[in-house]
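The values are calculated or read from the model by the stated rules, or taken from the named source; none is laboratory data. Everything numeric in this text was worked out from a predicted model, so none of it was measured. In this analysis, Cβ positions are derived from the backbone assuming ideal geometry, glycine residues included, and neighbour counts consider all displayed protein chains.
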Amino acid sequence: MPRNQRPLSRRSLLQLTGATTLGALAGCAGQLPGTDGGGDREVTPRSTVSVEPDTSVSLTAASGTIRPAPETSTTNWMYEGQFPGPELRVQEGDVLSVDLTNDLRAETTIHWHGVPVANPMDGVPNVTQDPVASGDTFTYTFRAEPAGTYFYHSHVGLQLDRGLLGPLIVEERDPHVEYDREYVVVIDDYLPGEPKLPSDGGMGGGGMGGGGGMMGDVRPSYEGLLINGRLPEDPPRFEVAEGERVRLRFVNAASATVFGVRIAGHEMTVTHADGRPVEPVDVDSFVFGAGERYDVVIEATNPGTWALQADALDGNEPPARAVVEYESADGEGPQRPSSASNRLQYGDLQAISSLDGVSGEPDRTFDLTLSRGRGQSYTWTIDGQAYPDADPLRIRPGEHVRIRMTNQSPVVHPMHLHGHFFQVGDAIRDTVIVPGRRGQVTIDFHADNPGRWLFHCHNLYHLDAGMARVVRYVE
Ligand SMILES: [Cu+2]
């Protein structure tokens, strides 16, 4: 049963039988604006752009067969019969219109990860829209800004881990770095078949996966790691010419995997974090969690055939692989990267331009604890509450909001805020890893986009098991 159709929890029953019955019912989509259960009046979201779109695209979600390697095929869910889904590419400021047609036998939506769209376009089922029923079409329209490397994916249940994802590139009109060509590198974990929560008998035939235990984590039984939908036996090839500067747009589209990324024979200059420009920083590797993106530039000054490799930090599958191949290469097998010695740290990231509205002391601060739920069931909580059975975080328009997170579990949580960029250290991002074992991260954002916005862990299994809250604008 989908989470949003579970029997009413004790908290919901208390709300329904209390004095705030109408407020609690206003939590259904389609009733904006209303009161929010706490008695506060909700702020009407920004409306969707109504101008003629610059680009119109159709994405049909349907089941089909993928072949991630010549000898391997499986049934997947896909957009337009492609996995990953088609690359959507527009210019900064363009209006993009996407008709999502649902040819699945399940409800679905699309979320535009990282893009601060108007709230009704954000694709969160039962929060910003009714899910799109089987056979129906829903049109998403939004202005694609700011420029950056993004991705789109279903936000219903565990559908992201079934293949419903694709890259979204918003090209800057005036890039702060020069490059001659570019490749998009979507890194993913490969799960044939239907994803399930451990509590529903998922993740390895009902058993606990690696690293199990009360306080530990489980990971689905992935059958490999992918770059652009390919297993390492049949890696994608990125051709380069000697002397070129090559931009690589890395997207971690995995559902439960943190990757460490290296390229043999080349230093990487990190130029963007979550699509936002940073002062260029030279590294030989970086680590990113589900939902994070990095853009890097490499200088093609070392002819040959070189492996680009992404290792699962918390899994033992063979690394995902691509090949960087010079036009002049002689066909020798790719050389493997040496071990990482100069790995990117968050502290290295310095945004080119600052975020408005977050200087000085915050108007409102939330202190939130991230932890594994107590008891036998597989739940993940924020301050002891498991979504959707969780209180909204109420904020007012124009506020400088701070969220301080402390991770009381041993595993990392890549936390993602919808609808806003946030400041973390000197960087501007939309997703940030909170390290395990009492790791602490503080983010600051400007409340400039009214609506109901999900704030959640981008480990899909943690999200589906409750690690989410709705940030709600009230008057
Ligand atoms: Cu998590």
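Restricting to the range 157-181, count the residues that are part of a loop (DSSP other than H, G, I, E, B) and farther than 14 Å from His113 by Cβ.
12
Between a first residue in the range 419-431 that is in a loop (DSSP other than H, G, I, E, B) and a second residue that is surrounded by fewer than 24 Cβ atoms within 10 Å (Cβ to Cβ) and of a type in the set (Asp, Glu), which pairs have beta carbons less than 8 Å apart while being 6 or more apart in sequence or on different chains?
These pairs meet every condition: His420/Asp448.
For the range 430-470, give me each residue that is near the ligand (Cβ under 10 Å from one of its atoms), under 12 Å from the mean Cα position of the chain (by Cα) and of a type outside the set (A, V, I, L, M).
His456, Cys457, His458, Asn459
What number goes with the only condition from (1) crowded, with 19+ Cβ neighbours inside 10 Å; (2) under 22 Å from His418 (Cβ atoms) that Glu92 does not pass?
Checking Glu92 against (1) crowded, with 19+ Cβ neighbours inside 10 Å; (2) under 22 Å from His418 (Cβ atoms), the one that fails is (1).
Which strands (runs of 3 or more DSSP E) does the range 338-417 wholly contain that include 1 or more residues that are within 16 Å of the ligand (Cβ to nearest atom) and either touching a Phe, Trp or Tyr at 6+ places or on another chain (Cβ under 7 Å) or touching a residue at least 12 places away in the same chain (Cβ under 8 Å) (or both)? Even if it seems obvious, please write down each step before you answer.
On the way: elements: 364-372, 380-382, 393-395, 400-407, 413-417.
Here the list reads 364-372, 380-382, 400-407, 413-417.
Can you tell me which residue is surrounded by the fewest Cβ atoms within 10 Å (Cβ to Cβ) among those in the range 132-155 that are over 22 Å from Glu292 (Cβ atoms) and in contact (Cβ under 8 Å) with a residue 40 or more places away in the chain?
In this case the residue turns out to be Thr139.
Pull up the range 218-276, narrow it to residues that are acidic (Asp, Glu) and touching a Pro at 6+ places or on another chain (Cβ under 7 Å), then point me to the one that is farthest from Pro414 (Cα to Cα).
Of everything passing the filter in the range 218-276, Glu242 is farthest from Pro414 (Cα to Cα).
Here's the yes/no breakdown for (1) at pLDDT below 95; (2) under 23 Å from the mean Cα position of the chain (by Cα); (3) of a type outside the set (Asp, Glu); (4) surrounded by 13 or more Cβ atoms within 10 Å (Cβ to Cβ):
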position	(1), (2), (3), (4)
Pro334	yes, no, yes, yes
Ser338	yes, no, yes, no
Arg343	no, yes, yes, yes
Ala351	no, yes, yes, yes
Ser371	no, yes, yes, yes
Arg374	yes, no, yes, no
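May I ask you to list pairs of residues, at least six apart or on different chains, whose Cβ atoms are under 7 Å apart, with the first in the range 450-475 being assigned by TED's automatic domain parsing to the domain that holds Arg404 and over 30 Å from Gly398 (Cβ atoms) and the second being within 9 Å of the ligand (Cβ to nearest atom) and part of a strand (DSSP E or B)?
Asn459/His413; Asn459/Pro414; His462/Trp380; His462/His413; Ala465/Trp380; Gly466/Trp380
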